[in-house]
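Reviewing the structure listed below.
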Amino acid sequence: MSDIVYIFDTTLRDGEQSPGATMNQQEKVRLARQLESLGVDIIEAGFPAASQGDFEAVQAIAAGVNDIQVAGLCRTMPGDIDRAWNAVKDAKNPRIHTFIATSDIHMEFKLRKSREQVLEMTEAAVKQAVKHTSNVEFSAEDASRSDWEFLARVVATAIKAGATTINIPDTVGYAQPQEFGELIAYLLENVSDSHKAIFSVHCHNDLGLAVANTLAAIKAGARQAEVTLSGIGERAGNTSLEQVVMNLASRPDFYGLNCGVDTERLFPSCRLLSTIIGQPIPPYQPIIGNNAFAHESGIHQDGMLKNRLTYEIMTPASVGRKGTDIVIGKHSGRHALKGKVEELGYKLADEQLAVVFEAVKALADKKEHIFDEDVEALVLEKIFRMSDQYVLKDLIVTTGTGSIPPNAAICMTVNGEEKKVSSFGAGPIDAVFNAVDELTGLEPTLERFQINAITGGSDAQGAVTVRVEESGVKAVGRGAHEDVITASAMAYVNAMNRLAKMKEEVRECATL
Ligand code: KIV
Ligand code: ZN
């Protein structure tokens, strides 16, 4: 059996399905490129039949990366399979990933299909996919709650029809590590021609066991792990990429297995995801959380000073945590910024670099130290924003403790036309949001409002994330600025742009 574990990243598909993790097309392409430089083997770019937006995003990712395999997910339905193929076919290494549920509960209540029908659909779907490409993955959804003998028949059927990767998901996060490892061993032993396919696992974290189950399956012979950055995903999330990779890297004595991931890019990749989706990394998160390498107790600190290995099983540098060095100062030139931006993984055209340079200089006038995180926030803010229907131009806010309610006067362009309005609110941010509502004509419910400091210090940029909802359509917006009220306004206007675009897409789908 090979000693290589293939890393299949589904941050852009299963991860993006998690609440508040929606990304626009540019952000998805940006993240896909980061995943490629991280060294994952396959990225699942999306579910092309789900919507026109998904289809186009998968196409853009397929065209926007180099050699990495790009998978498109599809049900075992003929239309879905062709749609997935059309979305990924321009990738250098396209893959079709088709799935159907195999547990009794899913077959009876969700699919309303018999076992025989599921076997037939599996065979037909894989055969159809193989006509497009030999790189076909088949997943047995809810495999961990399926009857083992039936599951083995389905898997054998998929391999006979031409699937080269067989994925065994623990869809509802129900499996226990030992049992899940035994299931993989059982399938490898009992499925005829199992050696013709790579066995993969895809775990969810409902009981907090996604990483443990994945590792148990790998130990039992699975050679592909389906994972997401930071473990984002449906409900309690998916298996975390960085945790699986660092287990393999830290315990070669136990696993004796390798994967192609460059561990030093783990932290920057998770940080990029966090910046894009506007969800901070929790401090206790293994590998990437702020406390993961912090030693507080005196005994630990003493041990660390004598020999780091007393309390550290991996170094911060090995996962790409270089510390928060000051990167760019007031007097740094364009050349230094270019180097920094490239080190952070962005390739910008000269005119884009000029825009970021001006923004960094403006920030340096107000903020003493500029860190990697500040530069990254400005790159995302200034370059990777969607072209906007609503643009915030100016903002004046008055607030205080007297009897006059806080007031916001704002100037925005709405479809290119400049408009101004002034509104009151319960607080200054409420006043800003009311003014934006008035100018856009949208009146969403604010579901989430979160402020984080991007770096330490009282002059840190504030990063604001908002989630809004109107008529069942939800959108997330983000903004970063050294003034938190301005950051809030930027985040809210960003959410309005996304909301308007999503409502447009919903209307287009309804008229199809
Ligand atoms: O959780 C799951 O079963 C899935 C499959 C579609 C692979 O995401
Ligand atoms: Zn899943």
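Under the criterion of Cα pairs below 8 Å and six or more residues apart, the relative contact order for the chain equals 10 percent. Per residue, the solvent-accessible area of the chain (1.4 Å probe, heavy atoms of protein chains only, all protein chains present) comes to 44 Å². Using Cβ point charges alone (K and R +1, D and E -1), the dipole size of the stretch 6-277 about the Cα centre works out to roughly 440 debye. Listed values for the stretch 215-221 are Karplus-derived 3J(HN,Hα) couplings in whole Hz (6.51 cos²θ - 1.76 cosθ + 1.60, θ = phi - 60°), namely 5, 5, 5, 5, 4, 8, x, and x replaces Gly and Pro.
About its Cα centre, the dipole of the chain is roughly 520 debye, where the only charges are +1 on Lys and Arg Cβ and -1 on Asp and Glu Cβ. Put a plus charge on the Cβ of each Lys and Arg, a minus charge on the Cβ of each Asp and Glu, and nothing anywhere else: the dipole of the stretch 334-382 about its Cα centre is then about 140 debye. In this calculation the C-beta distance from Glu368 to Glu470 is compared with R0 = 60 Å, giving a FRET efficiency of 0.90.
Modelled this way, with points 7 Å down the Cα-to-C-beta line, the labels at Thr133 and Asp3 are 3.0 nm from one another. Work from the charge dipole of the stretch 390-511 (Cβ charges, +1 for Lys and Arg, -1 for Asp and Glu, about the Cα centre) and give the residue of Gly472, Val391, Leu442 farthest towards its positive end. My answer, from the dipole projection, is Gly472.
Can you list the residues of the stretch 431-463 with backbone N under 19 Å from a point 7 Å past the Cα of Asn290, pointing along Cα to Cβ? Zone members listed by number: 449-463.
Determine, from the Cβ-Cβ distance of Ile396 and Leu207 and an R0 of 35 Å, the FRET efficiency 1/(1 + (r/R0)^6), rounded to the nearest 0.05. Could you put the intermediate results ahead of the total?
Details: r = 51 Å, r/R0 = 1.47.
Calculated transfer efficiency: 0.10.
Accessible area per residue (1.4 Å probe, heavy atoms of protein chains only) ranks Met77, Met23 as Met77, Met23, with the largest value leading.
Starting from 0.36 nm per residue, how many nanometres of slack lie between Ala236 and Glu182 once their C-alpha separation is accounted for? Don't skip to the answer; put the middle values down first.
Numbers: separation 54, 0.36 × 54 = 19.44 nm, distance 2.39 nm.
Roughly 17.0 nm would be gained on extension.
Ignoring lysines fewer than eight residues from Lys127 along the same chain, the ones with Cα atoms less than 26 angstrom from its Cα are Lys89, Lys92, Lys110, Lys113, Lys160, Lys196.
Gain on full extension, evaluated as 0.36 nm per residue between Glu56 and Ala409 minus their Cα-Cα distance, stands at 123.3 nm.
Sites listed here are GluC sites (Glu not before Pro) in the stretch 323-421 whose DSSP assignment is loop and whose Cβ has at most 16 other Cβ atoms within 10 Å: Glu368.
Calculate how many DSSP beta bridges within the chain are antiparallel, expressed in % of all such bridges and rounded to the nearest 5.
Details: 35 of 72 bridges.
Around 50 percent of the beta bridges assigned by DSSP in the chain are antiparallel ones.
Working out 0.36 nm times the residue gap between Phe109 and Gln450, then minus their Cα-Cα distance, what length gain in nm do you get to one decimal? Walk me through the numbers before you get to the answer.
Values: separation 341, 0.36 × 341 = 122.76 nm, distance 3.90 nm.
118.9 nm is the gain from fully extending Phe109 to Gln450.
Counting every C-alpha pair in the chain, the share spaced more than 32 angstrom apart comes to 47%. When the stretch 334-382 is described by a simple charge dipole with +1 on each Lys and Arg Cβ and -1 on each Asp and Glu Cβ, the residue from Phe371, Ala354, Gly339 located farthest towards its positive end is Ala354.
Apply 1/(1 + (r/R0)^6) to the Cβ-Cβ distance of Asp253 and Asp459, taking R0 = 51 Å, and write down the FRET efficiency to the nearest 0.05. Write down the numbers at each step before the final one.
Numbers: r = 47 Å, r/R0 = 0.92.
Computed FRET efficiency for Asp253 and Asp459: 0.60.
A crude spin-label estimate for the pair Ser422 and Asn86, with each label 7 Å from Cα along the Cβ direction, gives 5.4 nm. Among the listed pairs Lys366/Lys393; Lys131/Lys474; Lys382/Lys474, a Cα-Cα separation exceeding 28 Å is found for Lys131/Lys474. The stretch 469-504 and the stretch 406-428 have their alpha-carbon centroids 15 Å apart.
The values are calculated or read from the model by the stated rules, or taken from the named source; none is laboratory data. Small disclaimer: the values here were computed from a predicted structure and weren't measured. Neighbour counts run over all protein chains shown; Cβ positions are idealised from the backbone, glycine included. Surface accessibility is based on the protein's heavy atoms, side chains included, excluding ligands, DNA and RNA. Shrake-Rupley method; radii C 1.70, N 1.55, O 1.52, S 1.80 Å.
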